[in-house]
Structures are given as C-alpha cells and as structure tokens.
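Following: one structure in structure tokens, then a few remarks.
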Protein chains: 2
Amino acid sequence: MKTIHGGVTAPLGFRANGLYCGIKKSKRKDLALIYSERPCVATGAFTTNRVQASCVVINKEHLRDYNAQAIIANSGNANCMTGEQGFENTRTMASTAARLLRLRKRDVLVASTGVIGKPLPIRKIVRSMPELVGGLSRKGSEHAAAGILTTDRMNKEIAVEFLVGKRRVRVGAIAKGAGMIAPRMETAHAPKHATMLCFVTTDAAVTPAALRDAMDRAIEKSFNAISIDGDMSTNDMVVVLANGMAQNRKIVEKTPEFRLLCRALETVFLWLAKQMIRDAEGATKLAEITVRGAQSRDDARKAAQAVAGSNLVKCALFGGDPNWGRIAAAVGYSGAHVDPWKMQIRLGREIVVRNGGPLPGNAQALARAFSQKNVKITVDLGLGSYASTAYTCDLSTNYVRINSAYRT
Amino acid sequence: MKTIHGGVTAPLGFRANGLYCGIKKSKRKDLALIYSERPCVATGAFTTNRVQASCVVINKEHLRDYNAQAIIANSGNANCMTGEQGFENTRTMASTAARLLRLRKRDVLVASTGVIGKPLPIRKIVRSMPELVGGLSRKGSEHAAAGILTTDRMNKEIAVEFLVGKRRVRVGAIAKGAGMIAPRMETAHAPKHATMLCFVTTDAAVTPAALRDAMDRAIEKSFNAISIDGDMSTNDMVVVLANGMAQNRKIVEKTPEFRLLCRALETVFLWLAKQMIRDAEGATKLAEITVRGAQSRDDARKAAQAVAGSNLVKCALFGGDPNWGRIAAAVGYSGAHVDPWKMQIRLGREIVVRNGGPLPGNAQALARAFSQKNVKITVDLGLGSYASTAYTCDLSTNYVRINSAYRT
C-alpha cells in the first residue's frame, strides 16, 4: 500500500473540477464536480438522521442500480428542510450536470453541505455548470476538494495504490468535515448518525456487493468512530465510484484481493477521519480513545464513544488537565457493563486508576501526556475481550465562537 | 401552595448548619449538615451512572429501612473512584455525625461533590464536625446551602407551605448544580443518568411508599429533564426526610393529599432545576424545549432531550442566532419517529418551519425570541399526542474556560 498524489483524480479515468459560483459570502470555491470517463459501479452510505437533505434521499434512489458516473456537490448551503423546492433544486443539479456530461440523470449523484433551511441559489449553480464541466481535468482533485469545504481550514485529499495480481489499482478520495460531526452512517455492520462528505474514486474492477461490503467495513472503523460535537448531520455521505479501468481481475468478496481493497479503503477513510478531527472547528488536539476488556463489541463502542462525546473530557483536553475522573464518569454513564473496581485507565503510558482508586503516579508525566497534540486514552474494563477505538478533538473557546456566530 | 422563607429549616423540627473545614482552596464553605429532632421517613434517588461514589452506595444501604434523621455533606471533593479508603471515609463521616448527634450510623446519610479520584481530607472533616453540630440552628438553611456549592455562583434554597386538612405542611429544599449536569436518576417511572445534590425536608406525616412515589414523579418532570453539559455525574442524589411534625393525617397514595404533596415536590424541584440551569457554568440563557405531537412519551422525551443536549443548538443560543436547522437536525438524530414533512418548529411565538420547509417569517422577531434570557423552543412532530419538556442552558466560551481549568 503506497500513498500517491492526485486525490480523486489519481485513479485512471477520473477528472474533477471546483470553482466559486456565488453561494459563499467568503467567495471561496463552493461547487465541485467529479466525473469518470467510463460508467462506474457505485455505492454510498448516508446519514441515519431522520431529517435528511434532498440530496441524500435522491442519491439513494440513483444508487439503487449500483451505477453512477459523476458527483456534483455544493458547499455553503445544505439544501435541507427546504421543502418541495429543495428536492426540485437537487434534481436540477443532477439533470443539468447530466445534460452537459451526456449522462443519464440517475448516473449523477448530488451532495450539499452548509446551512440548513435556506433556499439553494440554484440559478448560480446552473449558470456556473458549463464552466465547471469545461474545466474538468486529470489534475482537478484539489479544486474539487476546495469546493466542498465549509468551516474546514484545509483540503482533505489522499490517494493510495496497491497491486491486484499484476495490475496496479488506485483509490483516491476527498472529504470535508469541521462541524456537525458525529457521523453514524448506515452500514451493514452498525447501529444505525456531520455534515461530512467523502467522495471516493477507484479504478479497481469490483462487484457491487464487494464494493459495498468493503466500504461498510471501512466506515465502521473510521468515520463512524469519530465525533467532533456529537451533532449528527442531515447530509452525511460517503460515495464510492469504481470504474474498472485498472483492468484487474474483478474483486469479489472473501478473497485476498477483497481484503486488499478493504485495507485500502480503511487506510484512506481513517486518514481522512483523523484529518477531520485535526481540522475540526476550534480543535487544538486529537484524542484517540480505546476501550478494551469489554463484555461485548457494543459495550466497547458505547464506552469509547461516551468518552469521545463528553464535553467535560473535551474541555479537560483543551486545558491540558488530566482530569481522569471525567473519563471514569463517562464510561460509567455510557450504558456499557462497568465494574469500577476492575476498570483501569491509562493516559498516554501512565496508569492513573486501578482497583477502584487512583495510583500515585507522576503528575508531570500525566500533564505532559494530556498536553500533546495527540492524546491517547486507554480504558481497560477488565470484563471481557472486546475492544473499540473512537476519535475526537478538544472543546475549545474557539469552537463556541465559531458556532455561536455561524450565520452572521 | 405558598412560598415561604427558611429553606430546609422551614419545616418544623429541622435544624441545619454549614461551615468551611478546609477542603476548598477558595476557603468557601465546604461542609453542611441537616438534622431533624425526630426520626424521619426517608427516601432517595441516585445517579444511574455505573461508576458510583461511595456515598451513593452507602446511602442506598442506609435507606433500605426508609429511615434517616441527618444528612452530612461535603463539597470540593466527590470521594469517588478513591478505592476502599473512600468507602471507609464515607463511613467515618456517617459515624462521626451519628456519635455527635446520638443517632444510629445508618440514620445518617452522606453526600460528596467535587473532583473525582482525589483522596478525601477526612481529618479536616472530622475535626470540624463538633463545631458543625454545635452550630445547628433553625435558621441554618442558608449556611448548609452554601456548604454544598461547587462552581455554583449562588445558593439554591426554597420552601413552600400547603394545607393537609387543617394542618399546615411545609416542604423545604436546598440544592447545587453548575456542572456535570445531566441527571437521570433512577425512579420508578424513568429510563434509567450531574453532580446535582438536592436535600429535601418536610414536616408532613407520610408513608414511605407515598413519599417515594411523590419524589419519583417530581424528579421525572424536573431534575431528570435538565441537561447542562450532557455529562452524568457519579454522585447525583435527591434525598427527602419527612418527620411528621406537622401532625397531619398521614398521607397515603392515590388521595387528594398525595396529589398536594406531589404538586409541592414538583414545584420545589422544578424551581431548583431551573435555578441550576440559570446558574450553570458559563450560562447566560435558559431554554425550555417542548416536543409535542409525538407517537409516544419516550419519543417526546428523546426528541426534547436531543435538542437540549445539542452543542450546536446551545452555541446558537449563546450567539442569539435563531439557527433552527440545528434543532431540526437534533430532532432527526434523537431516535424518535420523525417525518420532516409534518414537523413544525416554533421559536418563541414565531413558526419557522412547516411542511418540510422554512416560512418566510419575521427575521427580527426571530432574532429577538432567541436573544431573551428565557428562550422557548416548541417542536410539534405532528404524529401523535405525547409531549415532553426539557430544560438546558447555552454553551458559552465561559463554560469551556471554567472546565478547561477546573482543577488548577
């Protein structure tokens, strides 16, 4: 597995572009397009929020046949809770792109991210679409990556390459995160919750079932394990397009090649998920919370996610204060089976609590462990053999500033 | 129902005191005692966190006979996750108070609040206990109220009076809140989660079952409906002592007198719960979120509490930004049955969304509604007839400051 340049345009046959069409006050890029020269096997995972943007509803329809060939996305407006007109605008985005690209409307996927409940300025989007299509290029990934950002400070782009037999296969992706991030996307494996968007391209030849399964597995270990503010968006989506142009032997499930694809997607998704945390609104730290020794996988997940979701733990992270009592309290209210007498908590390498009480420990080492850019918290429940890892950032005064003045 | 002065010492036969014994660096009062001249029917409700402070575990034992006569409480240290020594210290607090008050140890209840995982300075407490007992007085409620505060800025004290037959009955209470507040105490009615403490006294004559039932009902509509930061404490408790000195006909369940007692407790608890929100760490606003039209009581509760728990909604409250999209998103991820096309959201008196989309509405009126000290948010799911109300505060830069430097 090798990291390569090029983002979503690293795989053969993909072109991309991004530009400013007039939605964002900041005049930054707010429109993005990804296009494959060849028809793709395609699949997607979407928010489990029961209030869903029209793009989420319509993409699910468009993906029923596991086929797509382009993704059109805007930032600065979520086009959610915008009534019938909202649905009409999403369909217009798809049909305009389809016409210019000479595709069927249902082979175009649509994504929106930004403020909820404001009418989408569809005319600006339609007016800019010819320029957007005209500028599609094999080097356009960075422009598309910029076009989907909201409060993100930087592009999130990655690509990897691996061998399937003697054929080189590439997976590329762009993503955005920053706020309203607690994605719990519907996968075959998960309890069924940013706006986070992730668009993935690959030139692998793969069956729809194998693509869906590999995507689901990778999401569970990455995007579905992160939390910035605990607020699940109405627009979260991961979409994968696979055009087969690598001409590898078609990947099917339960084969060594399938495991390679899983590993590639997991590598790409986890890197992007961590980038989202590092670039989260107001964030200064990334915390990795591993719960092990749980009675069940669900218990491990609940406990890890409760710690990752605790405002008090996140404030302690911001302050660099190793207040592990807040970690113990969060594990306790997570709903997981917990015996405080058996629980062991570790900050970095320092064990802070064992046998129901504090260990004397090195206060300086503890403070150091909690002041790093990357903080590791390990909780061993001492009850079983299941483990789960969750990722979060600190809760800073800047997060509050950004989100108390979002629309002004 | 009449509000009267005197807090926990308003009911006949109760005395209280509070003083500084040396736990708090701020040198504010950190020890409190409430005592009844006569034995009391007593009951309590405790945190559902699976990590529970020794005082919670021991009080449950002491209350098994529904009898108690005194409450000793310290602030500045939660005495939780402090191992066997922590349990020993809680027992020492009870036994020392029992000896000085000539009670059985099991008739003394203990409460602690403050930092988790630090050894309790038990010698300071024991050394100050004679002075604490010596200073018990019929006017000591305010001192006890001060003795249990942590980051609270003000005392929380109330008393009411009502007639049972021709006898005047009084209910008094003190409480503390401020942080780590998302109490979901175990009651007979509730799904089973600050440190919030509430000590209630009454001179009513009442059966144990009626007292427990009335307390449980009142908690569900008050303390269990509030959330400051979503973090459930290891030490939450409500304890009620009823000494019967009003000499009313003994209150039993399903009688008009029982309903009076329920109303009195509900009035007292709801007032205290709202005071906790108003005095919450960094809070500048109180928000009352009512969800109606739900398919079930549980759905109504889930939806109201999801909105109350949303960091993004709370940041919008802080900024006075009527960003109702965040409310819709929180309702959507609450787990309640939601049909976005049927959902109606109201900020103050202004309807902002109906039929799946925004209403034009008066932007100024909206901004005004969201800038009040008391903000009312009403969500009608349009699916049924169940309703629930939750209470929260805004999430401010000060909340983060307070909690990123709590122990320093």
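Annotation note: trypsin sites (Lys or Arg not before Pro) in the range A:89-166 located in DSSP loop regions with a Cβ neighbour count of at most 16 within 10 Å are A:ARG102, A:ARG104, A:ARG138, A:LYS139, A:ARG153, A:LYS166. Among the trypsin sites (Lys or Arg not before Pro) in the range A:1-36, those located in a DSSP loop and surrounded by at most 15 other Cβ atoms within 10 Å of their own Cβ are A:LYS25, A:LYS27, A:ARG28. The calculated FRET efficiency for B:LYS105 paired with B:LEU163, based on their beta-carbon distance and R0 = 51 Å, is about 0.90. Average 1/r across all pairs of distinct alpha carbons in the range B:21-147, invert it, and you get the Kirkwood radius: 14.6 Å.
So for chain B, considering every pair of alpha-carbon atoms, how many percent are separated by more than 36 Å?
Numbers: 21284 of 83028 pairs.
Looking at chain B, the distances longer than 36 Å represent 26 percent of pairs.
Taking Cα centre as origin and charging only the Cβ of basic (Lys, Arg, +1) and acidic (Asp, Glu, -1) residues, the dipole magnitude of the range B:286-404 rounds to 160 debye. Within the straight-line cut-off of under 17 Å between alpha carbons, the lysines reachable from B:LYS27 are B:LYS124, sequence neighbours fewer than 8 places apart in one chain being disregarded. For the range A:202-343, relative contact order (Cα pairs under 8 Å, six or more residues apart, normalised by length) works out to 25 percent.
Please list, short to long, the whole-number percent of alpha-carbon pairs of the range B:79-187 in consecutive 5 angstrom bins beginning at zero. Here the calculated profile for the range B:79-187 is 2, 9, 14, 19, 21, 17, 10, 4, 2, 1, 0.
Quick one: dipole size for the protein assembly as shown, taken about the Cα centre, charges +1 on Lys/Arg Cβ and -1 on Asp/Glu Cβ, in debye to the nearest 20. Can you show the working numbers first?
On the way: 116 positive and 66 negative charges, 145 e Å.
The dipole of the protein assembly as shown has a size of about 700 debye.
How big, in percent, is the set of alpha carbon pairs in the range B:206-331 lying more than 26 Å apart? Summing the P(r) of the range B:206-331 above 26 Å gives 35 percent of all pairs.
Label sites at B:ILE4 and B:ALA367, each approximated as a point 7 angstrom past Cα along Cα to Cβ, lie 4.9 nm apart. On the beta carbon distance between A:GLN85 and A:GLN295, with R0 = 35 Å, the FRET formula returns roughly 0.10. Inter-copy label distances for B:TRP341: 5.7 nm (label point placed 7 Å from Cα along Cα→Cβ; shortest first).
Look at the stretch A:315-321: the mean tally of other chain Cβ atoms within 10 Å of its residues' Cβ atoms is 6.
Of A:LYS314, A:LYS302, how do they rank once you tally other Cβ atoms within 10 Å and put the fewest first?
Details: A:LYS314 31, A:LYS302 22.
Result, fewest neighbours first: A:LYS302, A:LYS314.
Measuring from each Cβ of chain A to the axis that turns chain A onto chain B, the shortest distance belongs to A:THR397, 2 (residue, then whole Å).
Determine, from the Cβ-Cβ distance of A:VAL126 and A:ALA405 and an R0 of 41 Å, the FRET efficiency 1/(1 + (r/R0)^6), rounded to the nearest 0.05. Write out the running numbers ahead of the final one.
Values: r = 31 Å, r/R0 = 0.75.
FRET efficiency, A:VAL126 to A:ALA405: 0.85.
Packing, taken as the mean count of other beta carbons within 10 Å per residue, orders the peptides A:76-89, B:382-395 from highest to lowest as A:76-89, B:382-395.
Which entries of B:LYS29/B:LYS118; A:LYS156/A:LYS254; A:LYS373/B:LYS24; A:LYS24/A:LYS139 show an alpha-carbon separation above 21 angstrom in the structure shown?
On the way: B:LYS29/B:LYS118 19 Å; A:LYS156/A:LYS254 31 Å; A:LYS373/B:LYS24 32 Å; A:LYS24/A:LYS139 24 Å.
Pairs exceeding 21 Å: A:LYS156/A:LYS254; A:LYS373/B:LYS24; A:LYS24/A:LYS139.
Kirkwood's formula applied to the C-alpha pairs of the range A:1-45 gives a hydrodynamic radius of 12.9 angstrom.
For peptide A:222-232, the mean count of partner chain Cβ atoms within 10 Å of a residue's Cβ comes to 3. The orientation-averaged projection of the convex hull spanning the C-alpha atoms of the range A:286-404 amounts to 6.8 square nanometres.
So what is the diffusion coefficient of the protein assembly as shown in µm² per second by Stokes-Einstein at 37 °C and 0.692 mPa s, using a Kirkwood Rh over Cα pairs? Let's see the in-between values first.
Values: Rh = 27.8 Å.
Value of D from the Cα-based Kirkwood radius: 118 µm²/s.
Near the amide H of B:VAL352, within less than 5 Å, lie the amide hydrogens of B:ILE345, B:ARG346, B:LEU347, all on another chain or at least 5 residues away, with H placed in the peptide plane. Simple rule: put +1 on each Lys or Arg Cβ and -1 on each Asp or Glu Cβ in chain A, find the dipole, and look at A:GLN85, A:ALA159, A:VAL240; the Cα lying farthest toward the positive end is A:ALA159.
In order along the range B:4-15, phi translates into HN-Hα couplings of 10, 7, x, x, 5, 9, 5, x, 4, x, 9, 10 Hz, rounded to whole numbers, per the Karplus curve 6.51 cos²θ - 1.76 cosθ + 1.60 with θ = phi - 60° and x for Gly and Pro. Mean per-residue shielding of peptide A:45-51 is 6, counting Cβ atoms of other chains within 10 Å of each Cβ.
Take every DSSP beta bridge whose two residues both sit in the protein assembly as shown; close to 70 percent of them are antiparallel. Relative to the other identical copies, B:PRO119 shows label-point distances of 7.0 nm, where the label point lies 7 Å from Cα along the Cβ direction and values run shortest first.
Ascending distances from the A:ARG64 label point to its copies in the other chains, with the point 7 Å along the Cα-to-beta-carbon line: 6.2 nm. For trypsin sites (Lys or Arg not before Pro), the sites in the range A:330-359 that DSSP calls loop and that have at most 12 other Cβ atoms within 10 Å are A:ARG349. Taking 7 Å steps out from each Cα toward its Cβ at A:ALA209 and A:ARG349 produces label points 4.8 nm apart.
A short reminder: the numbers here are calculations on the coordinates, not readings from a lab. This one's a predicted model, so the numbers in the text were calculated from it and none came from an experiment. Please note: Cβ atoms are built from the backbone with ideal geometry, for glycine as well, and neighbour counts cover all protein chains shown.
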